[in-house]
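The values are calculated or read from the model by the stated rules, or taken from the named source; none is laboratory data. All values reported here derive from a predicted model rather than from experimental measurement. Backbone-built Cβ (ideal geometry, glycine too); neighbour counts: all protein chains shown. Note: areas computed on protein heavy atoms with side chains; ligands, DNA, RNA excluded. Shrake-Rupley method; radii C 1.70, N 1.55, O 1.52, S 1.80 Å.
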Amino acid sequence: MYITIGLYCLSLLCQVFASLISLSLFRHSVTIYRWGWLFLATGLGLMIGRRIGPIFHIFESGRFDLLDAILSLPISGFLLLGVLGLRKLIIKSDNNQLMLETLAQHDPLTNSLSRTEILYRVSEEIERSRRNKHSFALLEMDIDHFKDVNDQLGHHVGDEVLINLVRQSQEVLRSIDTVGRIGGEEFLILLPETDATGAAQIAERLREHIANTANETSSSSSIKITISIGGTIFNPNENMEYKQDILLNELLNQADLAMYQAKNEGRNRVAFWGASTPPLKRA
């Protein structure tokens with residue numbers, strides 16, 4: 001009799017654990033999967049009652065079914081192992097999804113935002129700026145004569161310079177600012193809730209910091225680089241009739257024009273777009 005009760009108790013514990021795991025997955029799963037976990041947890045909960053019943057019956061009547069108790073243990077164990085396997089599969093799937101999202105959002109070399117992600121952030125900031133009536137700034141940063149670094153020292157050193165550039169930029173920028181790589185050595189910097197004066201100060205501080213900081217790379221000697229920065233300011237009170245995608249393209253074009261103005265005026269400088277900004281003349 002005691003062996004039968006022990007087997008039923010072990011079966012009961014297996015189903016309790018399986019039910020608790022199902023409830024936990026129900027709470028943390030996305031909506032589309034929640035009903036499935038809820039039904040599974042409910043079914044396992046009802047089966048717990050079927051394990052408690054025979055135990056009470058043994059104490060009341062003294063009669064027991066050893067074969068049923070023996071069969072109940074592997075059945076409950078297999079249910080627990082199945083739920084644990086599903087839990088492991090879901091965790092692995094979530095981790096893979098997180099990895100894919102991270103790869104999509106970040107540039108794999110510099111760990112700055114990817115082109116797609118930084119453009120998405122700028123587009124979101126346009127909408128937020130229109131809603132809150134706060135201006136923001138967009139900077140385009142480009143390394144001067146970066147081709148010379150790659151040609152003379154190799155692309156692996158050039159990659160190290162790009163990594164250092166992002167790290168050094170983040171030392172100057174605010175926590176709310178974001179950097180995204182949009183090309184080989186070209187980066188966009190989003191400065192939320194920033195007016196023209198604030199943007200000019202940040203851009204100049206960034207330019208000066210990069211020019212005065214040596215890059216330690218695998219090269220035998222340290223490398224110093226300079227950057228050209230073009231900027232533009234989004235005013236939410238202007239161009240209210242234009243769609244978001246049109247405004248995004250216009251901002252990118254303005255920052256690009258300003259950056260090449262800085263290039264054409266001698267590099268290692270900051271320029272901001274204005275009505276008098278000359279048309280694009282690539283240096």
Result of the Cβ filter at 6 Å on the stretch 164-184, keeping first residues that are without any contact (Cβ under 8 Å) to a residue 40 or more places away in the chain and partners that are part of a strand (DSSP E or B) and open to solvent by less than 20 Å² (accessible area, probe 1.4 Å), at least 6 apart or interchain, is 177/191
Within the stretch 229-258, restricting to residues that are crowded, with 17+ Cβ neighbours inside 10 Å and over 28 Å from the mean Cα position of the chain (by Cα), the one that is farthest from residue 199 (Cα to Cα) is 257
The condition from (1) exposed (fewer than 13 other Cβ atoms within 10 Å of the Cβ); (2) part of a helix (DSSP H, G or I); (3) at pLDDT below 75 that residue 85 misses is numbered (3)
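Residue-by-condition table, conditions (1) more than 21 Å from residue 119 (Cα to Cα); (2) in contact with a Gly (Cβ under 6 Å, 6 or more places away or on another chain); (3) of a type outside the set (Lys, Arg); (4) surrounded by 20 or more Cβ atoms within 10 Å (Cβ to Cβ):
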position	(1), (2), (3), (4)
146	yes, no, yes, no
158	yes, no, yes, yes
180	no, no, yes, yes
189	no, no, yes, yes
193	no, no, yes, no
198	yes, no, yes, no
Exactly one of 229, 233, 210, 223 is touching a Lys or Arg at 6+ places or on another chain (Cβ under 6 Å) and touching a residue at least 12 places away in the same chain (Cβ under 8 Å), and that one is 229
Looking across the stretch 103-129 at residues that are touching a residue at least 40 places away in the same chain (Cβ under 8 Å) and acidic (Asp, Glu), the single one that is most open to solvent (accessible area, probe 1.4 Å) is 127
For the stretch 160-178, the count of residues that are open to solvent by less than 30 Å² (accessible area, probe 1.4 Å) and in a loop (DSSP other than H, G, I, E, B) equals 2
Of 210, 233, 229, 202, the only residue that is closer than 23 Å to residue 124 by Cβ, of a type in the set (Val, Ile, Thr) and part of a helix (DSSP H, G or I) is 202
